[in-house]
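K.L.:
Sharing a structure here in structure tokens format.
No value in this document is a laboratory result; all are computed from the given coordinates. Just so you know, these numbers come straight off a predicted model, no measurement behind them. All Cβ positions, even for glycine, are placed from backbone atoms using ideal geometry, and neighbour counts span all protein chains on display.
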Amino acid sequence: MIEFSRVGKTYGSRFRRGVRAVDDFTLHVRRGEVLGIAGPNGAGKSTLINLILGYLRPTDGGVRVDGLEPRTYVERNGIGYLSELLAVPPRWRLDEALNRYAILDGVPSSEMRARVNEVIEQFGLEEHRSKKVKALSKGTLQRLGLAQALLRPRAVLILDEPTHGLDPVWTQRFRDVVAGLRSPDRAILLASHNLDELERIADRVAIIDRGVLQRVVDTRNLSSADGAAVYHISVAGDSSAVVASFPDARDIGGGTFTVHVADLAALNAGLARSIGGGALVTAVVPAHSALERQFRQAVGERDEVVVQ
């Protein structure tokens, strides 16, 4: 559905050296899949989205959406899009904003009221419909952004940081929304720093860094037991046996230690030694999700990196 073929994008001018935002990027987003895009700040995610939307043209290579140039596809078919920074005139009422977006999105006038009411109900905005945008909370504004992106059914849907500002209840509901949007004829692209959400929602996650595609992770086949890992081990009472069994154990307080192991077998061997030495192990929890571990390996980051 969306194809990047050896795409490069350089920003620059005649008066200074160009900045390479995307380099030799090749990826195919298939119909029917939910693809996540993850990367550090400045990795090139926004540039990729702008290339799909046709706001930018690649310096090298090509981008096609359903076989067409991106701008041609957008003009003929439209794309559902939520930007990372949602800017809505603050004096508009919420329902007024959705009506205006519906007009811009080409919703037929005969269907407009019903469609606006539908997305207002879908995202729990009924009690806010007469409020001005400037009076909305961050989470409510984000739900307004999601509502406008879904005013018309589109074959391509791009959501940039869709759960940003949402509370836990609406983060869970967003997962249900994405599940309902899945279709054999639709490609959904989610750009997010929230790796936990991407692991739950996306079929695959493309990890990029410095404009280069580092790896594509199939979340359906992820295993927390693959490769080296970091675990939190909690114990009650004397913890000396844990320290003796895991030489690099780091006390992080509350009877909990961080340990590094080469694999699951090494973890179990260390736990067996700890228990044999008298430790009362109360919990063993991976410090990072399987996708987060893949992310850290791909971008060359270690434990000091904070990932949402």
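K.L.:
Angle check, please: helix 138-149 long axis (alpha carbons) against the longest principal axis of the chain (alpha carbons), in degrees 0 to 90, nearest 10.
P.N.:
50 degrees
K.L.:
Any aspartates and glutamates with Cα under 20 Å of the Lys138 Cα? List them, leaving off those in the same chain fewer than 8 positions away.
P.N.:
Output for Lys138: Glu84, Asp95, Glu96, Glu121, Glu126, Glu127, Asp160, Glu161, Asp167, Glu197.
K.L.:
Below 28 Å, Cα to Cα, which lysines can Lys9 reach? Residues fewer than 8 away in the same chain don't count.
P.N.:
Lys45
K.L.:
While we're here: Any idea what the relative contact order of region 229-288 is, in percent, if you count C-alpha pairs under 8 Å spaced at least 6 apart?
P.N.:
Relative CO of region 229-288 lands at 55 percent.
K.L.:
Turning to a different aspect of this structure: What residue among Pro162, Gly277, Gly78 has its Cα farthest toward the positive end of the dipole of the chain, where the charges are +1 on Lys, Arg and -1 on Asp, Glu, each on the Cβ?
P.N.:
With unit charges placed on the Cβ atoms, the residue in question is Gly78.
K.L.:
Here's a follow-up. By the gyration tensor of its Cα atoms, with a ≥ b ≥ c the square roots of the eigenvalues, what is the shape of region 70-176: rounded for a/c under 1.5, prolate for a/b over b/c, or oblate?
P.N.:
oblate
K.L.:
So how do 248-254, 185-191, 58-64 stack up, highest first, on mean other-Cβ count within 10 Å?
P.N.:
Descending packing order for the listed peptides: 185-191, 58-64, 248-254.
K.L.:
Could I ask something else about it? In terms of the Cα gyration tensor, with a ≥ b ≥ c the square roots of its eigenvalues, is region 164-215 rounded because a/c is under 1.5, prolate because a/b exceeds b/c, or oblate?
P.N.:
Oblate is the answer for region 164-215, as a/c is 1.5 or above yet b/c matches or exceeds a/b.
K.L.:
May I pose another question? Between Leu181 and Tyr55, how many nm apart are label points set 7 Å from Cα along the C-beta direction?
P.N.:
The two pseudo-label positions are separated by 1.7 nm.
K.L.:
May I pose another question? Which whole-number percentage describes the relative contact order of the chain, with Cα contacts under 8 Å and a sequence gap of 6 or more?
P.N.:
RCO, the chain: 20 percent.
K.L.:
For Ser289, Ser240, what's the fewest-to-most ordering of other Cβ within 10 Å of each Cβ?
P.N.:
By the 10 Å Cβ count, ascending, the order reads Ser240, Ser289.
K.L.:
Report, in deg cm²/dmol and to the nearest 500, the calculated mean residue ellipticity at 222 nm for the chain, where each DSSP H run with n ≥ 4 adds -39500 (n - 2.57) and the sum is divided by the residue count.
P.N.:
Computed mean residue ellipticity for the chain: -10000 deg cm²/dmol.
K.L.:
Still on this structure, I have one more. If you build the Cα gyration tensor of region 79-124 and take the root of 5 times each eigenvalue, what three semi-axes come out, in whole angstrom, biggest first?
P.N.:
Gyration-tensor ellipsoid for region 79-124: 17, 13, 12 Å.
K.L.:
If amide hydrogens are placed 1.01 Å from N in the peptide plane, which non-local residues have theirs closer than 5 Å to the one on Leu280?
P.N.:
Ala236
K.L.:
With each label point set 7 Å from Cα along the Cα-Cβ vector, what nm distance links Asn268 and Ile252?
P.N.:
It is 2.4 nm.
K.L.:
Which value in Å is the Kirkwood Rh of the chain over different Cα pairs?
P.N.:
The answer is 21.9 Å.
K.L.:
Once you have a ≥ b ≥ c as the square roots of the Cα gyration tensor eigenvalues for region 229-288, tell me rounded if a/c is under 1.5, and otherwise prolate or oblate according to whether a/b is larger than b/c.
P.N.:
Verdict is oblate for region 229-288.
K.L.:
What does the charge dipole of region 1-158 about its Cα centre add up to, to the nearest 20 debye, if the Cβ of each Lys and Arg holds +1 and the Cβ of each Asp and Glu holds -1?
P.N.:
Value, rounded to 20: 620 debye.
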